[in-house]
Ligand SMILES: [Mg+2]
C-alpha cells in the first residue's frame, strides 16, 4: 500500500518520502556532479570574471553567511515545516534550491581557498562524530556529548 501511495519512480531527486526513516525510502542525491566538479566549475566561473581578487577567505565566508540568511528568509514566519515541504509551491522549492546552492557553492570555494580538501575532511569529521556519539549510547537522545557518562 505504501508503495502504491509513495512510489515516485527511480529518478533521482524525486524519491522523497516524508516521515519515513527506512533506508529504502530515503531521498537520494544524483551522483554527479562531485564536490570536486563543483569546485572546478566555480573556479572557472570566478577565473573568467577576474573575481579571485574579491574571493579571499573572509569575503567568501561573509558571502556564504549572507546566503544562509537568504535560505532563512524562505522559512521565516512559516512555523515548523514538515520533511519534504509538502505545503510549498514549486516556485518556493526552486527558490530554496537556488539559495541552498548559493550556500554550497560558497562553502566549496571557501574550503578551496583555505586549502581544505572538503570531501576527505568530511570523512575525518564523521569518524570523529561516530566516536563522540556512539549509536549504542545516544540512540534516540538529543543530549550533547558532554552530558554522557561512560
Ligand atoms: Mg542567493
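Determine which single condition residue 65 fails, assuming it passes every other condition in (1) within 16 Å of the ligand (Cβ to nearest atom); (2) surrounded by 13 or more Cβ atoms within 10 Å (Cβ to Cβ). The one condition residue 65 does not meet is (2). When 107, 85, 100, 74 are checked against the criterion of being surrounded by 11 or more Cβ atoms within 10 Å (Cβ to Cβ), in a loop (DSSP other than H, G, I, E, B) and modelled with pLDDT of 95 or more, 85 stands alone in meeting it.
Given the condition over 15 Å from the mean Cα position of the chain (by Cα) and more than 16 Å from the ligand (Cβ to nearest atom), answer yes or no: does some residue in region 92-106 qualify? No, there is no match, as no residue in region 92-106 is over 15 Å from the mean Cα position of the chain (by Cα) and more than 16 Å from the ligand (Cβ to nearest atom).
It is to be established whether one or more residues within region 126-148 are without any contact (Cβ under 8 Å) to a residue 12 or more places away in the chain, surrounded by 12 or more Cβ atoms within 10 Å (Cβ to Cβ) and within 16 Å of the ligand (Cβ to nearest atom).
So the first thing to find is which residues in region 126-148 are without any contact (Cβ under 8 Å) to a residue 12 or more places away in the chain, and the list is 126-131, 134-144, 146-148.
Add one more test, that the residue is surrounded by 12 or more Cβ atoms within 10 Å (Cβ to Cβ), and what stays is 137-138, 148.
When the remaining residues are screened for being within 16 Å of the ligand (Cβ to nearest atom), the result is none.
There is no residue in region 126-148 that is without any contact (Cβ under 8 Å) to a residue 12 or more places away in the chain, surrounded by 12 or more Cβ atoms within 10 Å (Cβ to Cβ) and within 16 Å of the ligand (Cβ to nearest atom).
Within region 88-97, being surrounded by 15 or more Cβ atoms within 10 Å (Cβ to Cβ) and part of a loop (DSSP other than H, G, I, E, B) holds for one residue alone: 88.
The values are calculated or read from the model by the stated rules, or taken from the named source; none is laboratory data. This one's a predicted model, so the numbers in the text were calculated from it and none came from an experiment. Here the Cβ is made from the backbone with ideal geometry for all residues, glycine too, and neighbour counts use every protein chain on show.
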